[in-house]
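Undergrad: Once you've had a glance at the structure underneath, I'll fire off some questions.
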Amino acid sequence: PADPLPGAPTPGLPQPFTHRLVMNVYDTLSQLQITLPPVAVPAASYVPFVQTGNLVFLSGHIAKKDGKAWVGQLGKTMGTDEGKLAARAIAVDLMGTLHAACVAAGGDLNQVKRIVKVMSLVNSTATFTEQHLVTNGCSQLMVDVFGAEVGAHARSAFGVAQVPMGACVEIELIAEVG
């Protein structure tokens, strides 16, 4: 079942015309006491992000705790609430990488027009069915930081048998900048 984000448009219904409130993303991050990390060094043969046109594709980021992989399996060694915290931690790392991508293009996070898509892989048992709730840890932070108009996004959340390094969650993101 769908798990709509607060403030997200209702699919299939006409939406009222809205103006994006002028807000500085970095002020919002500061208010939330979030410090963006530097871009992590890739663990294999890939790059952290690729920009083509106005779209920025961020490679998958695994959950980290105390600088190491946040190891666990939902439904076995951890519950939904801890999984949400892991997904929120990934959102912070994703924003750090998105910041670097924006800077590389001569801008900053204030140039993000839309968080387009989030794809989440949740290391979970075959009987665990709350992957969508775990992924809300990331989705909600995107809305909190960028606002509903920019931060609400399309999303997929999958349960998988394993994630690199035994991490509990891996998330990738697509954003529009301009």
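Undergrad: Can you tell me which of VAL56, VAL143 is assigned to a strand (DSSP E or B) and open to solvent by less than 30 Å² (accessible area, probe 1.4 Å)?
TA: On the way: VAL143 fails: assigned to a strand (DSSP E or B).
Among VAL56, VAL143, only VAL56 is assigned to a strand (DSSP E or B) and open to solvent by less than 30 Å² (accessible area, probe 1.4 Å).
Undergrad: Just the residues that are in contact with a Leu (Cβ under 8 Å, 6 or more places away or on another chain) and open to solvent by less than 10 Å² (accessible area, probe 1.4 Å), please, taken from the stretch 125-136.
TA: VAL134
Undergrad: Confirm whether GLY72 is touching a Ser or Thr at 6+ places or on another chain (Cβ under 9 Å) and under 18 Å from ALA126 (Cα atoms).
TA: When the stated conditions are applied, GLY72 does not pass them.
Undergrad: List the pairs whose first member sits in the stretch 9-37 and is modelled with pLDDT under 70, whose second member is open to solvent by 70 Å² or more (accessible area, probe 1.4 Å) and in a helix (DSSP H, G or I), and whose Cβ atoms are under 9 Å apart, counting only residues at least 6 apart or on separate chains?
TA: Pairs that qualify, where the first residue is modelled with pLDDT under 70 and the partner is open to solvent by 70 Å² or more (accessible area, probe 1.4 Å) and in a helix (DSSP H, G or I), are PRO9/GLU149; THR18/GLU149; HIS19/GLU149; ARG20/GLU149; LEU21/GLU149.
Undergrad: Only one of these is of a type in the set (Val, Ile, Thr), in contact (Cβ under 8 Å) with a residue 60 or more places away in the chain, out of contact with any helix residue (DSSP H, G or I) (no Cβ under 7 Å at 6 or more places or on another chain) and more than 23 Å from VAL41 (Cα to Cα): VAL134, VAL150. Name it.
TA: On the way: VAL134 fails: out of contact with any helix residue (DSSP H, G or I) (no Cβ under 7 Å at 6 or more places or on another chain).
Checking each option against the conditions leaves just VAL150.
Undergrad: Could you please find all residues in the stretch 41-53 being over 15 Å from PRO164 (Cα atoms) and either open to solvent by less than 70 Å² (accessible area, probe 1.4 Å) or of a type in the set (Lys, Arg) (or both)?
TA: Listed by number, the residues that qualify are PRO48, PHE49, GLY53.
Undergrad: Quick check on my filter: what residues within the stretch 66-91 are of a type outside the set (Gly, Ala, Ser) and either in a loop (DSSP other than H, G, I, E, B) or farther than 23 Å from LEU36 by Cα (or both)?
TA: Kept after step one, since they are of a type outside the set (Gly, Ala, Ser), are these residues of the stretch 66-91: 66, 68, 70-71, 73-74, 76-78, 80-82, 84-85, 88, 90.
Scanning the stretch 66-91 gives ASP66, TRP70, GLN73, LEU74, LYS76, THR77, MET78, THR80.
Undergrad: Return only the number of the condition from (1) of a type outside the set (Val, Ile, Thr); (2) modelled with pLDDT under 95; (3) open to solvent by less than 50 Å² (accessible area, probe 1.4 Å) that GLY67 does not satisfy.
TA: Status for GLY67: all satisfied but (3).
Undergrad: When you check VAL103 against the structure, is it without any contact (Cβ under 8 Å) to a residue 12 or more places away in the chain and of a type in the set (A, V, I, L, M), yes or no? Show your work before the answer.
TA: Details: without any contact (Cβ under 8 Å) to a residue 12 or more places away in the chain: yes; of a type in the set (A, V, I, L, M): yes.
Answer is yes for this residue.
Undergrad: Moving to a separate point now. Being among the basic types (Lys, Arg) and within 13 Å of ALA63 (Cβ to Cβ) is the filter; apply it to the stretch 73-123 and report the residue that is least open to solvent (accessible area, probe 1.4 Å). Outline the logic, then answer.
TA: Pass one, the stretch 73-123, residues among the basic types (Lys, Arg): 76, 84, 88, 113-114, 117.
Filter again for within 13 Å of ALA63 (Cβ to Cβ), leaving 84, 88.
Working: LYS84: 72, ARG88: 90 Å².
Among those that are among the basic types (Lys, Arg) and within 13 Å of ALA63 (Cβ to Cβ), it is LYS84.
The values are calculated or read from the model by the stated rules, or taken from the named source; none is laboratory data. Computed from a predicted model, the values in this text were never measured in an experiment. Every residue, glycine as well, gets a Cβ built from its backbone with ideal geometry; the counts of neighbours run over all protein chains shown. Ligands, DNA and RNA are stripped out before the accessible areas are found, and what is left, the full protein with its side chains, is counted by its heavy atoms. Shrake-Rupley method; radii C 1.70, N 1.55, O 1.52, S 1.80 Å.
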